[in-house]
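Structure, as structure tokens:
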Amino acid sequence: MNTLTILLAQTKSEATLEIIFMLMGCAIIGYMTAWLFYKAVYEKRIKVIESEKHELNNRIFNLDAEIFNLKKNLSEKGEETEQLILEVRALEALHSEAVHETDYMALKNKRNEQLLYEKDEALVNIAQRKHLLDYKSFGIASEAEKDDLKMISGIGPFIEERLHALDIYTFRQISKFTPQDIDTINDAIEYFSGRIERDEWVAQALELVRAEELRTDLFKRISERKTNIYYNRIGIAKKEEADDLTIISGIGGWIQEKLNALEIYTFRQISNFTKEDIVTVTEAIEYFPGRIERDEWILQARELIRIAGKKSELLKRIRDRKGRIYYDRLGIAHKHEANNLTLIDGLGLWVEERLNTLGIYTFSQISKLTHADIETITEVLEIIPGRIEQDHWVDQARKLVKNDINEPSIIP
């Protein structure tokens, strides 16, 4: 019985093992079959995915290229935008400048219209004073007979127009002025007091009247005197290099013509004059002795070289700075009240002209200058620092006021 039980047990174990082995074989076969099936399926899927991946890589490459191009275009557009912004700003600046210039031109035109109106009105007012003049004394002339009065030193376009308003057109009329005529005409044209006598209009006009008949002989005489001029010292100049010598206060068109006859054409030549040259030139052009020194031709010529001959620009700068002067301290004066400021030693015609541009016409005004005023005026007039103190303008002006020399009252 025991043996049977043992056999049955062994048989059962073997069967179990066989079943297990069979199951394991089936499992392996099933696994391999499934593996082979899924392998076939996934290989096909992998090929599809790889194909898609390749396409995606191509798309990425293309997109990268597009991104690069877009960035490049964006950069270019950015540069174009910056350039456009700069152009817009430039256009805005130009527009602003154009608007400003237009406004300035409109204001300037308005001011010019006002000045023309005032000028016309002033000339009308002057013309209304004709009845005050004694035409029997100096004669009558018509516009058709007119001379170029600017040939006379001291007569510029402004004064010439005023003289024309009084029917004074010729050298012959001016050559016949009497002291009484001069006083009446001076008041009529509201000119600087004493300036007609100081600039010797009558003497110059007499010479110009005679020159009409003797002009050829006069200029021949002057030309022959060129041998007396030291050109090695003053320099040689050609007619093409000529400066407008009438810019120098004291030189009119007539004197310029005579200087040109000596081949003296430039500021530089005059700036090199010595005392000997002054005497020689005065005699050669048959001029008034002492006038070259009195009118400070040399000093003016040197200054005109410094400012490149732009006298009108300098006078404009001076006019623009009038606001820096304390007129409440100095007092206000007008042209027709002007003193002969050149009576102050060290103050010549050129400086006087600049002071007049500032509205400083009288000894009284100069006598009131303080140290601060002197510093301001020195800078405004662009003269050598220390010159006013060195030449004692204030002390001289006080003495002239005290002695009542050519001193009209001023308006406080």
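We did not get these values from a lab; they are worked out from the coordinates using the rules stated. All figures in this text were calculated on a predicted structure; none of them were measured in a lab. Note: ideal-geometry Cβ built from the backbone for every residue, glycine included; neighbour counts use all protein chains shown.
Applying 1/(1 + (r/R0)^6) with r as the Cβ-Cβ distance of T227 and Q128 and R0 = 45 angstrom yields a FRET efficiency of 0.25.
With springs only between Cα atoms under 10 Å apart, run a GNM on the chain and tell me which of F37, F273, F138 wobbles the most. The residue with the greatest mean-square fluctuation here is F37. Straightening the chain between L63 and A144 buys 20.0 nm, computed as 0.36 nm per residue apart minus the Cα-Cα spacing.
Can you give the Rg to Rh ratio for the stretch 311-402, taking only C-alpha atoms and Rh from Kirkwood?
Looking at the stretch 311-402, the ratio lands at 0.91.
Positive end of the dipole of the stretch 299-412 (Cβ unit charges, origin at the Cα centre): among G331, L314, G348, the Cα lying farthest that way belongs to L314. Over all Cα atoms in the chain, the spread is summed up by Rg and Dmax: 51.0, 191 Å. Span-like helix criteria (full DSSP H runs; alpha carbon extent of at least 24 Å along the helix axis; mean Kyte-Doolittle hydropathy of at least -0.5) are satisfied in the chain by 2-127, 201-224.
Please go through the residue pairs K239/K275; K275/K399; K335/K368 and name each one whose alpha carbons sit more than 27 Å apart in this structure.
Table pairs above 27 Å Cα-Cα are K275/K399.
The share of Cα pairs per 5 Å bin across the stretch 194-335, counted from zero up to the longest distance, runs 2, 8, 17, 20, 18, 14, 9, 6, 4, 2, 1, 0 percent.
Remark: the H334-K39 segment gains 94.3 nm on full extension, using 0.36 nm per residue and subtracting the alpha carbon distance. Cross-link reach is defined here as a Cα-Cα straight distance under 21 Å, omitting same-chain residues fewer than 8 places apart; for K47 the lysines meeting it are K39. When only the Cβ of Lys, Arg, Asp and Glu is charged (+1, +1, -1, -1), the dipole of the chain relative to its Cα centre reaches about 1060 debye. Taking amide H atoms as placed 1.01 Å from N in the peptide plane, the amide H of I332 lies under 5 Å from those of I411, each 5 or more residues away in sequence or on another chain.
Of interest is the spacing of the C-alpha centroids, which for the stretch 146-198 and the stretch 232-258 amounts to 24 Å. The string of couplings for the stretch 130-146 from the Karplus curve (6.51, -1.76, 1.60, θ = phi - 60°) is 4, 5, 7, 8, 9, 5, 5, 6, 10, x, 10, 9, 9, 4, 5, 8, 4 Hz, one whole number per residue in order, with x for Gly and Pro. Projecting the Cα atoms of A141, F171, S193 onto the dipole axis of the stretch 129-213, where Lys and Arg carry +1 and Asp and Glu carry -1 at the beta carbon, places S193 farthest toward the positive end. What is the calculated FRET efficiency for K239 to E197, with r their C-beta to C-beta distance and R₀ = 30 Å, to the nearest 0.05? Efficiency computed from Cβ-Cβ geometry: 0.30.
Comparing F21, M32, V48 along the charge dipole axis of the stretch 17-75, the residue lying farthest to the positive side is V48, per the Cβ-charge model. Largest mean-square fluctuation among I332, I85, I374, in a Gaussian network model of the chain whose springs join Cα atoms under 10 Å apart, belongs to I85. Simple point charges give the picture: +1 on the Cβ of Lys and Arg, -1 on the Cβ of Asp and Glu, and for the stretch 229-309 a dipole about the Cα centre of about 180 debye.
Classify the stretch 229-309 from the C-alpha gyration tensor, please: rounded if a/c falls under 1.5, else prolate or oblate depending on whether a/b exceeds b/c. The shape class here is rounded.
Using only alpha-carbon positions in the stretch 191-278, the gyration tensor eigenvalues give semi-axes of 24, 18, 12 Å once each is multiplied by 5 and square-rooted (largest first).
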